[in-house]
1. ASP304 versus (1) at pLDDT 95 or above; (2) out of contact with any Ser or Thr (no Cβ under 7 Å at 6 or more places or on another chain); (3) more than 26 Å from LYS225 (Cβ to Cβ): which is the lone unmet condition?
2. Residues that are closer than 25 Å to SER28 by Cα, at pLDDT below 95 and small (Gly, Ala, Ser): does region 59-77 have at least one?
3. Would region 288-303 turn up any residue that is touching a strand residue (DSSP E or B) at 6+ places or on another chain (Cβ under 7 Å) and in a loop (DSSP other than H, G, I, E, B)?
4. Name the residue that is farthest from MET144 (Cα to Cα), counting only residues in region 82-101 that are assigned to a strand (DSSP E or B) and of a type outside the set (A, V, I, L, M).
5. Which of the residues that make up region 156-175 are closer than 18 Å to TRP249 by Cβ and in contact with a helix residue (DSSP H, G or I) (Cβ under 9 Å, 6 or more places away or on another chain)?
6. Which condition breaks for ASP279 when tested against (1) closer than 21 Å to THR218 by Cβ; (2) part of a strand (DSSP E or B)?
7. What residue, of GLU136, GLU132, is loosely packed, with under 15 Cβ neighbours inside 10 Å, within 21 Å of VAL164 (Cα to Cα) and modelled with pLDDT of 95 or more?
8. When the residues of region 291-323 are filtered to those that are polar (S, T, N, Q) and within 23 Å of GLU257 (Cβ to Cβ), which remaining residue is nearest to the chain's Cα centre (by Cα)?
Amino acid sequence: MKRDEFCKGYTWGFFSRNKDLLRPEAESSMRRLASNGLNWICIPVNGWQETFHSVNIFSAYGLTQTDEEIKHAVNLAHSLGLKVCLKPMVNCMDHAWRAKIDFPTERGCNYWEQWFGSYKRFLLYYAQMAEELGCEMLCTGCEMAGMDKQADYCVDVIEQVRKVYHGLLMHNINHGDELCSKWLSAVDIIGISAYYPVSDKKHRDIDTMRARWKKVVTVLEKCHKKYDRPIMFAEIGVRNERGCSAYPWDFLNREEEPSDEQEQSDFYESAMEATWDLDWFMGYFWWDWKAILPPEEEAHKNKDFTVYGKLAEQTLKKWYTRT
């Protein structure tokens, strides 16, 4: 992996709804995002299954981005000089986290065989699309802890994908799973959902975050050495809520907690300080930037992951425009 492929990236348009990506507002959103010095963008596609124990993955009208939307978004990104990672993601309609998708493996149970048959069809469809659209990277799975334990099935999926797609393959594991899988050397890049807690109730200052990121880097280096693959943060981010850096993965809006743009900005600053110059580290797809943005004067009211109009956007641009 060449260092010049370093991803100064962001995830854009997750959970966009019917036709959102075709709206003029979506183009304005991507242009604003790109102006922060990006060279990559990650575009998710939402696939669905009924529950965490269902074996069939499907598209849902109004919830899964259409082929027309994906093509439009990828072409727009390329016109802005951005490389694209296409990220097909499985979600559960019962609101279970995708990491909970799991099945018995006792003799006679064929649930995993059925599920992987469906997942392979899902992923190969978008792998072929990524190839046709010239996407430079494809994510082969996101936070699928149950799936990732099935090494033989996973290796087969990667082999089948490589027959139709010839760009970079990145597989997105969750933080805490850095050393768990047996097969990650089959992909080109190991992506991590890097929602590491780097503070606590008493210590939320940036020096605390810096100290804790050093411990995280030790784990990341072990992951790199185990699989001999570069590491990137396939997802990373935090909301602008006081205390958020102690639970950066959390989407819950705590109304009793005030907004804290400084803490969000410090999380960005300390994370990039800790990883930017590591030879085996390949960059970031920060989470996440909305396809449809509110008026900028209202942006600070949203205690969400998007840094648009907030202090952390300035921090992002400072790092992404470094020479």
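The values are calculated or read from the model by the stated rules, or taken from the named source; none is laboratory data. Predicted, not measured: the structure shown is a model, and the values here were computed from it. With ideal geometry, Cβ positions are generated from the backbone for all residues, glycine too; neighbour counts draw on all protein chains shown.
1. All conditions pass for ASP304, except number (1).
2. yes
3. yes
4. LYS83
5. ILE173, ASN174, HIS175 - these are the residues of region 156-175 that are closer than 18 Å to TRP249 by Cβ and in contact with a helix residue (DSSP H, G or I) (Cβ under 9 Å, 6 or more places away or on another chain).
6. Here ASP279 meets the rest and fails (2).
7. So the residue among GLU136, GLU132 that is loosely packed, with under 15 Cβ neighbours inside 10 Å, within 21 Å of VAL164 (Cα to Cα) and modelled with pLDDT of 95 or more is GLU132.
8. Once the filter is applied, the top-ranked residue is THR306.
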